[in-house]
Amino acid sequence: MPRRKIALIEIQQETNSFSPLLTTLKEFEWSFLKYGDDILPEAKTSKFQTGGFYKAMTEYGRNTVELVPIICAWAQSGGPLSEDTFAHFKAVIEHSLIQHPDLAGIWLSLHGAMGVQSMTDPEGNLLEWLRERVGNEIPIGVPLDLHANVTQRMVKHATFISAYHTNPHRDHFQTGYKSGKVLIDTVLGKAKPTMAFRKMRLLKGGGYTIDFLQPMRAIFRRMRQMEKIPGVLSVANFPCHIWLDEPELGWSTVVVTNNNPILADQLAKELANLNWSVRKIAHPQPVTPESAIEKVKQAKFRRLVGTAILCDVSDIVSAGAPGENTHLIRAILEQAPSLVSYTSIRDAQVAQMAFDQPEGSWLKATIGGKLEPRFNRSLDFEGKVIRKFESQLTGKVVVLQHEGTHIVVSENPNPVMKPQFYQDLGLNLWKADLVTVKNLFPFRYHFLKYNRLTINVLSAGTTNVDVHQLDYKYIPRPIFPLDGIESW
Ligand SMILES: [Zn+2]
């Protein structure tokens, strides 16, 4: 029997609807953008979804299926995609579909919280558009990020939807592998996925949904138990990305069984009830920049044996914020200039200007607050250029130092996921009193070795974790916690 062709399509970006900056092909090129066979070297070695899917295709599906790589596109979180960028992706896919009219399946790896300029539910739109082209018989398997906003249209047109089981996310590869296996079985007629979906009028997020901490730990554990029930192909729980302003925004659950709709329905409902039951458990409350610095100053022993990590929750680059918030740096300069601090800020103009200066020279600059002036003011700073660095992802990067304050100014936004970000610039974490990061979850384990005190700092910006302060225009109402409702 000839091998059945399965297409690989991956388009991943998490949109912050409140960011004024559109995401274009340039932002995808910073991270990853490849077409056709150029995807293969990455797929063979990737620790992410494509790597898992590639393994399923080449090992589990050996001799039965054949891979047709079409597109693999990743961008950091940011503002909505421009219409042109989305149209470009569709044109690439359309061209490949014409070249391969004999596809037997499509692996469509999406984020699930991607926005496009002047459009609602673009990923539902993409699925519907694909269905119109390939018909209803071809299975389309859709692995998503756990922060996806699953919509009715996505459920209608996908054959099955699955997702990560961890937050912070650590199972990208397994998610790619498992979704690949289910898709191969479906293509070969060994499985018949049936999906059940529940949507909750629930908006909580931002530090509340870590899989190994309460209140979500028991729910994630139950989800993993459910996946072991015979006939269950996938169980997914989606505590959504709260910075996506969409008409169907809300938490959801999706359960896929092998042709057992009653079981799928029961489990999807059980999981939704579990989520709803913990909705009133309070978030850890972030503090102001001023009190964060005071806490760091008081934590003398902890600083001696490590460092304090200040999470800039109003400017979370990994959730789509521009990365140019000055509130925290201003508080450091005013209250603790002699503490050894490492902070990161995006400012393309200053990074380019400082990059042309020799190391050791002094520079006066007005930093940050330029892309979102409604949220913060630019900061006047005079410092010594002590290090320079350049890469595709970060652009030009310069470290400016004055007394203990080290400001890392970069051309592109930086989430500061790992200590290597500072270490590669010659900044020693053991010598730091405080460092700032612009991601909500991954720093918690990447910085574990050095971190003696985590403080979430709230100022102003596009990733405010307080949903009451977000400027939503399109979300459904009523919704918890904005409205007092007793049922999801
Ligand atoms: Zn996520």
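The values are calculated or read from the model by the stated rules, or taken from the named source; none is laboratory data. Only a predicted model underlies this, so the values are computations on that prediction, with no experimental measurement involved. Counting neighbours? That spans all protein chains shown, and the Cβs are built from the backbone with ideal geometry, glycine included.
Observations on the structure shown:
Okay, residues lined up against (1) under 25 Å from the mean Cα position of the chain (by Cα); (2) farther than 23 Å from Thr462 by Cα:
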| residue | (1), (2) |
| --- | --- |
| Pro284 | yes, no |
| Glu290 | no, no |
| Ser338 | no, yes |
| Ala348 | yes, no |
| Met353 | no, yes |
| Pro358 | no, yes |
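- Options Thr175, Thr194, Thr209; residue that is crowded, with 19+ Cβ neighbours inside 10 Å and part of a helix (DSSP H, G or I): Thr175
- The residues of the range 133-170 that are more than 17 Å from Val182 (Cα to Cα) and either among the acidic types (Asp, Glu) or away from the ligand (no atom under 14 Å from the Cβ) (or both), listed by number, are Arg133, Val134, Gly135, Asn136, Asp145, Thr151, Gln152, Arg153, Met154, Lys156.
- Pair list, Cβ under 6 Å, 6 or more apart: the range 30-53 residue within 16 Å of Val68 (Cβ to Cβ), other residue small (Gly, Ala, Ser): Thr50/Ala43; Phe53/Gly176; Phe53/Gly180
- When Leu425, Leu453 are screened for being part of a loop (DSSP other than H, G, I, E, B) and assigned by TED's automatic domain parsing to the domain that holds Leu328, only Leu425 passes.
- Residue in the range 315-324 that is surrounded by fewer than 24 Cβ atoms within 10 Å (Cβ to Cβ), β-branched (Val, Ile, Thr) and in contact with a Lys or Arg (Cβ under 6 Å, 6 or more places away or on another chain) present: no
- Residues that are within 16 Å of the ligand (Cβ to nearest atom) and either of a type in the set (A, V, I, L, M, F, W, C) or over 27 Å from Glu137 (Cβ atoms) (or both), drawn from the range 1-11: Ile11
Rundown of residues vs (1) assigned by TED's automatic domain parsing to the domain that holds Ile39; (2) surrounded by fewer than 24 Cβ atoms within 10 Å (Cβ to Cβ); (3) at negative phi, yes/no style:
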| site | (1), (2), (3) |
| --- | --- |
| Glu83 | yes, yes, yes |
| Leu97 | yes, yes, yes |
| Glu123 | yes, no, yes |
| Gly135 | yes, yes, no |
| Gln152 | yes, yes, yes |
| Val155 | yes, yes, yes |
